[in-house]
Amino acid sequence: MSDAQEPSKSKEEEEGDQPQEEEDSEDDSSEEEAPGEMEFLRNLFSSALGLGSGTGEKVLDELTLDGVAKYMLSGKCKNIICMVGAGISTSAGIPDFRSPGTGLYANLQKYNLPYPEAIFQIDYFKQHPEPFFALARELYPGQFKPTICHYFMKLLKDKGLLKRCYTQNIDTLERVAGLEGDDLIEAHGTFYTSHCVSFCCRKEYNLDWMKEKIFADDIPKCEKCNSLVKPDIVFFGENLPVRFFTSMKMDFPRCDLLIVMGTSLQVQPFASLVSKVSRNCPRLLINMEKTGQMDPMLGMLGFGGGMDFDTDKAYRDVAHISTCDDGCLALADLLGWKAELEELVKKEHARIDGDDKRKTESESKGASASAKASPTPETKKEE
């Protein structure tokens, strides 16, 4: 789901290459052994936490958006990974989770929840599904259009640069914008499919089936066993999709530019993905505030897993503070893609509006035909 909701899951510790020491027939003193032991422990600790020690090769001419654009145009950047959260969808009208006053968690009083996060707790949902489905009617996919940011990622795909998009969002707008199943890792699941919650059943339902139930103000029940049916979004108390963990092990070591947009990077394991790229991989944050920065204590120890925008050791991280749409437009402009991006957004929004209009007209005609086919009591009496 959004960046506000990500159940923790233990990660496998990856074994790093350990330095091999040459055999020595002479006994070493403890003083001589200490530096080697410390280096060994430091490398082991660094590998286990997914943190890099020291700094890597500097690949950006300057730590600015312009520096990122020049790198992207250099021909050296071929595998871009995007990490995105709720902030990329706010301009579409979908609230994020944490913004004071306007965020989703700040406006759930009407559901009489024991605490805001309960609406996404699996145990609470099974006992009280009504609040979640009431909220789902407000946020349901199909009511919103993708943003400039969504289409910027589609442009990256069209140009053969997008390796994968890792999203915390459940609104399916990445799919609407043209990213397909192989392009996406939906870390918090999706409304795209739904399943019966019974372990003995697990019958699958599609997006249209769930939409019909939600907007008919029905609590979706399985047609096979009458248990609750839940969209395939990840609630607190549920595991993240297996594909999230298998894909990140393959994707991030190959990444040569990480673009992080619209996420607070406050919850695990999604937040830890920024440390999975190589030490030479530049990282660009487009957000309303700096986030994902390294812990100062770990920085003092030489572990560089978090983002570093401001220290003297900063060499690859760039923070562009703006809305996600404005940041993507600015980057597209530097890349010479701005007109192409704006035309893509205009064309796709017109297509979506046209599809919606035709669907509305079709439903209206269907309702009219149904009304004519069903005689009124007055008509029956006359007959």
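The values are calculated or read from the model by the stated rules, or taken from the named source; none is laboratory data. None of these values were measured; they are calculated from a predicted model. Using ideal geometry, Cβ is built from the backbone for each residue, glycine included, and neighbour counts are taken over all protein chains shown. Areas reflect the complete protein model, heavy atoms only, side chains present, ligands, DNA and RNA absent. Shrake-Rupley method; radii C 1.70, N 1.55, O 1.52, S 1.80 Å.
Once both labels are positioned 7 Å from their Cα atoms along Cα-to-Cβ, the gap between residue 254 and residue 312 label points is 4.0 nm. Restricting things to alpha carbons, find the Rg to Rh ratio for region 116-156 using the Kirkwood radius for Rh. Here Rg/Rh amounts to 1.22. Within the full protein context, the accessible area of residue 254 is estimated at about 140 Å² for a probe radius of 1.4 Å. Separation between the residue 359 and residue 78 pseudo-spin-labels, each 7 Å from Cα along Cα→Cβ, expressed in nm? Roughly 3.9 nm, to one decimal. Calculate what fraction, in whole %, of the accessible area of region 143-227 sits on carbon and sulfur atoms when a 1.4 Å probe is rolled over the protein chains. On region 143-227, the fraction of accessible area on carbon and sulfur atoms equals 45 percent. Between residue 203 and residue 278, take the C-beta separation as r, use R0 = 51 Å, and let me know the FRET efficiency to the nearest 0.05. Here the calculated transfer efficiency is 0.75.
Against the empirical curve 2.2 N^0.38 Å, the C-alpha radius of gyration of region 115-188 lands at a ratio of 1.35.
In this model, which of 211/357; 213/249; 290/338 are farther than 30 Å apart at the alpha-carbon? From 211/357; 213/249; 290/338, over 30 Å: 213/249.
Per-residue accessible area (protein heavy atoms, 1.4 Å probe) orders 219, 80 as 219, 80, starting from the largest. In the context of the full protein assembly, residue 224 retains an accessible surface of approximately 150 Å², using a probe radius of 1.4 Å and ignoring ligands and nucleic acids. Using R0 = 35 Å, the C-beta based FRET efficiency linking residue 216 and residue 112 works out to 0.95.
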